[in-house]
1. Could you list, in sequence order, all residues of segment A:172-195 that are open to solvent by 40 Å² or more (accessible area, probe 1.4 Å) and under 21 Å from A:Gln319 (Cβ atoms)?
2. Which of the residues spanning segment B:19-53 are near DNA strand C (Cβ under 7 Å from one of its atoms) and either over 20 Å from A:Thr110 (Cβ atoms) or in contact (Cβ under 8 Å) with a residue 60 or more places away in the chain (or both)?
3. With respect to B:Ser250, is the statement that it is at the interface with chain A (Cβ under 9 Å from one of its Cβ atoms) and open to solvent by 10 Å² or more (accessible area, probe 1.4 Å) true?
4. I'd like the full set of residues that are of a type in the set (A, V, I, L, M, F, W, C) and under 21 Å from B:Ile50 (Cβ atoms), limited to segment B:1-33.
5. Find the residue count for segment A:72-123, including only residues that are facing chain B (nearest Cβ under 8 Å) and at positive phi.
6. In this structure, does A:Ala16 turn out to be of a type in the set (A, V, I, L, M, F, W, C) and more than 7 Å from DNA strand D (Cβ to nearest atom)?
7. Take residues that are over 16 Å from the mean Cα position of the chain (by Cα) and tell me which of the strands (runs of 3 or more DSSP E) falling wholly in segment A:217-325 contain 3 or more.
2 protein chains.
Amino acid sequence: MANIRDVAKAAGVSVATVSRYLNNKGYISEEAKRVIAKAVEELNYQPSMIARSLSTKQSTFIGLIVPDIVNPFFPELARAIEDVALAYGYTLILCNSDEDLEKEINYVKTLQQKYVAGFIVASNHVEAEHYMGLDIPIVAIDRRIHSSIPYIATDNREGARIGTEHLLDSGCRNILCMRGPSGLGPADDRFAGFMDAVKGKNIETHIIECPFHFDIAETMVKKILQEVSIDGIFASSDVTAAGAMKAAYSAGIHVPNQLQIVGYDGTMLASQLTPGLTTVAQDLYRMGAMAARMLIELIKGQELTEREVLIPAELLIRQTTRSEA
Amino acid sequence: MANIRDVAKAAGVSVATVSRYLNNKGYISEEAKRVIAKAVEELNYQPSMIARSLSTKQSTFIGLIVPDIVNPFFPELARAIEDVALAYGYTLILCNSDEDLEKEINYVKTLQQKYVAGFIVASNHVEAEHYMGLDIPIVAIDRRIHSSIPYIATDNREGARIGTEHLLDSGCRNILCMRGPSGLGPADDRFAGFMDAVKGKNIETHIIECPFHFDIAETMVKKILQEVSIDGIFASSDVTAAGAMKAAYSAGIHVPNQLQIVGYDGTMLASQLTPGLTTVAQDLYRMGAMAARMLIELIKGQELTEREVLIPAELLIRQTTRSEA
DNA sequence: GTTCTATGTGGTACCGGTTACACATAATGA
DNA sequence: TCATTATGTGTAACCGGTACCACATAGAAC
């Protein structure tokens, strides 16, 4: 592979001039441009980003830390981030943290060594000291990690309220709320939204805490269905809603005739279930794209206009609920 | 951030000695090790991978090119690759090609500039010239891109045969085969496997070509169900099987009592549907992990023992089929 | 005719590692 | 005892860019 000195020699100019040409910086004559362009073409020259990074101490890598890309919530996010990153000339590095603090710290360390330009963190645990004092831009997604770190999320409380209202509007009076792990920001917010909706409305509620896990959700709901009688479920994720649907099916309970279900997330899964799952959709793509844009602004040293962004959720009514006239 | 010269100075040795220490190369006295370790510790020194890459012309980045990470097939693959990469000290770069040739070429070019150590390509189109003569190791996954490039895939033909046999064993005599896009290696193989299974068995077959897309699958199957009478469907992906399930539901056809369905892939989706989708599972994790291992061997300059690996598929029997005694 | 500014170019130190080579010294073997 | 080998360390060139600084020229301003 040709390097910048080869190009300079072929074009009969200095490396400084070539560098200026490549970066559109400083003064260059038209003649020089022409002759350099020709040399670049002929030698099929591609500048080494590594050398550039070493020199400028900047890179065009963005690190994305997610708990597990297999969780259907994250691919869409990753996709959006990658799209934006690509448009701005950045490359996305994917890291699965498994919610493991040590793994996460390690990633941060490794990527720092590789001069990443910034991080987007969609991680879910409490300790966040290792993100402080990093002098690398960070944007948090879905969950606030520290007041000093900009973050972007869905308006979970309002989303959950809307979803629950919809159950109420559809006639449910006896509702199971499958809340997510307490202590987890988004899960807490959704639970709060659920409570907002049912408060003072003479609704009988049952509340269980259930991790975002299909099998566990199925098992828990199976048990609940034997114990109490309910006509609606507000699940705080599509995956747990899917588990609930399966439990209902096993118990011979018809959805939505005997039991209505609302999920949360708006992932592909929700649309591909049968019957189609009514769900509170997060605009994951928008969230990811916005996070990426914010990060890139930070990388470029710009000030953010907003350091905290809440994206409204949208109710997608499908076949697990029946709106009443 | 401290650099290697700072460490050398602090330890009272030369940079060469520090470098040797860091890379476990050449002779170093115990005393030198001790004093360098101390300096590294004190300065919280982390070697710059960028500088190292520039010098050695090697990097610890692996590029993964997939059509779209949102397709549930790929996250598991990506996850496996990332796990193995991490274990060997590599970092994964995620690229979504959208099956777009130009985008793909661009990624290859960009990543080359960034000195990626190798590529894993799970891409789906025919032109592959741009991968040739790259002098960077490449491993193809799911689809053979060129005879010179090692590849790893599921034994799709045999998998499809097993899946179809299962429909036969379960009593189906009138089967719809939703084959994938013709010209696409895996889709062709699965179709061949289907044909292997039904050949000479006096089975009535209907064949439609259907992209791996939920909505399209649903629409196509809805139409088919009005036109012909079938008692089994072999879908060549879980997503299209899910579409078929929805179509059956809309048509009031009970699965599995009136219509049995077998999917393909073994993604999460299959297990989270209601009823649970019987499917031919690819061992995606194993596939990804093996691809990563192969790539790393290539990167290290080792010869591969096998340049083409077929991983057996496994039938997961769930509730969309009923095995008969 | 000076001074100033805009334009254009080149030389070279630097980013932070690796490594070939030179040069010690100690241990081993004949 | 001397040659040979194993062990240990340092100097400096190199990887391929960037960018500071010096310098040259031409036209404008005074």
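The values are calculated or read from the model by the stated rules, or taken from the named source; none is laboratory data. Only a predicted model underlies this, so the values are computations on that prediction, with no experimental measurement involved. FYI the Cβ positions are ideal-geometry reconstructions off the backbone, even for glycines, and counts take in every protein chain you see. Heavy atoms of the whole protein, side chains included, go into the accessibility calculation; ligands, DNA and RNA do not. Shrake-Rupley method; radii C 1.70, N 1.55, O 1.52, S 1.80 Å.
1. A:Arg173
2. Selection gives B:Arg20, B:Lys25.
3. Answer is yes for this residue.
4. Applying the first criterion (of a type in the set (A, V, I, L, M, F, W, C)) to segment B:1-33 yields B:1-2, B:4, B:7-8, B:10-11, B:13, B:15-16, B:18, B:22, B:28, B:32.
Once the filter is applied, which keeps residues that are of a type in the set (A, V, I, L, M, F, W, C) and under 21 Å from B:Ile50 (Cβ atoms), segment B:1-33 yields B:Met1, B:Ala2, B:Ile4, B:Val7, B:Ala8, B:Val15, B:Ala16, B:Val18, B:Leu22.
5. Matching residues across segment A:72-123 total 1.
6. no
7. Numbers: elements: A:232-235, A:260-265, A:278-281, A:308-311, A:314-316.
Here the list reads A:232-235, A:260-265, A:314-316.
This table checks each residue for (1) open to solvent by 30 Å² or more (accessible area, probe 1.4 Å); (2) over 14 Å from the mean Cα position of the chain (by Cα); (3) closer than 29 Å to B:Tyr285 by Cβ; (4) in contact (Cβ under 8 Å) with a residue 24 or more places away in the chain.
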site: A:Thr91; (1), (2), (3), (4): no, yes, yes, yes
site: A:Ile105; (1), (2), (3), (4): yes, yes, yes, yes
site: A:Phe119; (1), (2), (3), (4): no, no, yes, yes
site: A:Ile141; (1), (2), (3), (4): no, no, yes, yes
